[in-house]
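Here is the structure we will look at.
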Amino acid sequence: MPRSVKKGPYIHYKLAARIKQLNDTNQKKIIKTWSRASVITPDFVGHTIAVHNGNKMIPIFITENMVGHKLGEFSPTRIFRGHPGTKAEKAAKAG
Amino acid sequence: MARISGVDLPKNKKVLYGLQYIYGIGHHTSADILSKAKIDPNRKISDLTEEDVAEIRAVLTSEYKVEGALRSEVQQNVKRLMDIGSYRGIRHRKGLPARGQRTRTNSRTRKGKRKTVAGKKKTPTKK
């Protein structure tokens, strides 16, 4: 079930405050955040936000197309390094 | 033979089901179109007069996106996801399910035919 429209989109309050502060002072700084569940609003466009993926911060430049998505969608948490079998094949081919 | 938005409708079927041969029209949309065009859904397509077909065509083109236009819209939506580099876009790029389904087994529709990997001998019953 989607979130109630009445509540509006969820944005972590500190993140929203940072964005507002940067917009008011016309600054562009990388904002670090752990709040992957925050929704990207039009205010975010043009900023670079470093989103934690459980290991490190992934810097994301926010474009207009990303509005409405959540920050976590752009900071993948898993790395696929290939299956064990195929890896051996690749190594054999290379070496 | 009735031809609507580039698709030949099967003439031996009832209109309600024949319309569903058009991409983007299912049972619900079909019934909706017919009620708006005031045509009995139980009539056969071969029984339709030219005016009936024109009526259906008018309702359909004014209210629904079908066939090529719909396909390109879907494609654009997927392309947008891929371009912004979102998780769903990455899944589309890799040809894997995008809505969190399991991929250890199943999801053959997205992954296509099984590719047997050499050297994977364990679990011989499962392939």
Q: Note the buried accessible area between A and B here, summed over both chains, with a 1.4 Å probe, in Å² to the nearest 100.
A: 800
Q | Between 0 and 90°, nearest 10: helix A:13-25 axis offset from chain A longest Cα axis | A | 70
Q: Taking only Cα atoms and a 10 Å spring cutoff, compute GNM fluctuations for chain B and point out the largest among B:R102, B:R93, B:R114.
A: B:R114
Q | Length gained when the stretch B:K115-B:R80 is fully extended (0.36 nm per residue, less Cα-Cα span) | A | 9.7 nm
Q. Any idea how far the Cα center of segment B:1-36 sits from the one of segment A:20-69, in Å?
A. 47
Q.
Take B:Q101 and B:N42, extend 7 Å from each Cα along the Cα→Cβ direction, and tell me the distance between the two endpoints in nm.
A. 3.8
Q: Report, as an integer, the average count of C-beta atoms from other chains found within 10 Å of each Cβ along B:58-64.
A: 0
Q) Taking amide hydrogens as modeled 1.01 Å from N in the peptide plane, which residues meet the under 5 Å criterion relative to A:K32, leaving out close sequence neighbours? A) A:A50
Q. At what distance in nm do the modelled label points of A:K29 and B:Y17 sit from each other, each positioned 7 Å from its Cα along Cα→Cβ?
A. 6.8
Q.
For chain A, set up a GNM with springs between Cα atoms under 10 Å and report which of A:K70, A:K14, A:K32 has the largest fluctuation.
A. A:K14
Q. Near A:G46, within a Cβ-to-Cβ distance under 13 Å, what is the net charge of the other residues, with Lys and Arg +1 and Asp and Glu -1?
A. 0
(Q) If I take R0 = 25 Å and measure r between the Cβ atoms of B:S62 and B:H27 in this structure, what FRET efficiency does the formula 1/(1 + (r/R0)^6) give, to the nearest 0.05? (A) 0.75
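Quick one: Cα convex hull volume of segment B:16-127, Å³ per residue? Present the calculation step by step, with values, prior to reporting the outcome.
Details: hull volume 19.4 nm³, N = 112.
For segment B:16-127, the hull spanned by Cα atoms encloses 173 Å³ per residue.
Which of the three applies to chain A, rounded, prolate or oblate, going by the alpha-carbon gyration tensor with a ≥ b ≥ c and a/c under 1.5 meaning rounded? Before the final figure, lay out the partial values.
On the way: a/c = 3.21, a/b = 2.07, b/c = 1.55.
In terms of gyration-tensor shape, prolate.
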(Q) Cross-link candidates for B:K36: which aspartates and glutamates have Cα within less than 13 Å, leaving aside residues fewer than 8 places away along the same chain? (A) B:D52, B:E55, B:E63
Q | Relative frequency of Cα-Cα separations exceeding 32 Å in the protein assembly as shown, percent | A | 51
(Q) Compute the angle between helix A:84-94 and the longest alpha-carbon principal axis of chain A, please, reported from 0 to 90 degrees and rounded to the nearest 10. (A) 70
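The values are calculated or read from the model by the stated rules, or taken from the named source; none is laboratory data. Everything numeric here is computed off the predicted structure, so don't read it as measured data. A quick note on method: Cβ atoms are made from the backbone with ideal geometry, for glycine too, and the neighbour counts reach across all protein chains shown. For the accessible areas, the whole protein counts, side chains as well, though only heavy atoms, and no ligand, DNA or RNA atoms are used. Shrake-Rupley method; radii C 1.70, N 1.55, O 1.52, S 1.80 Å.
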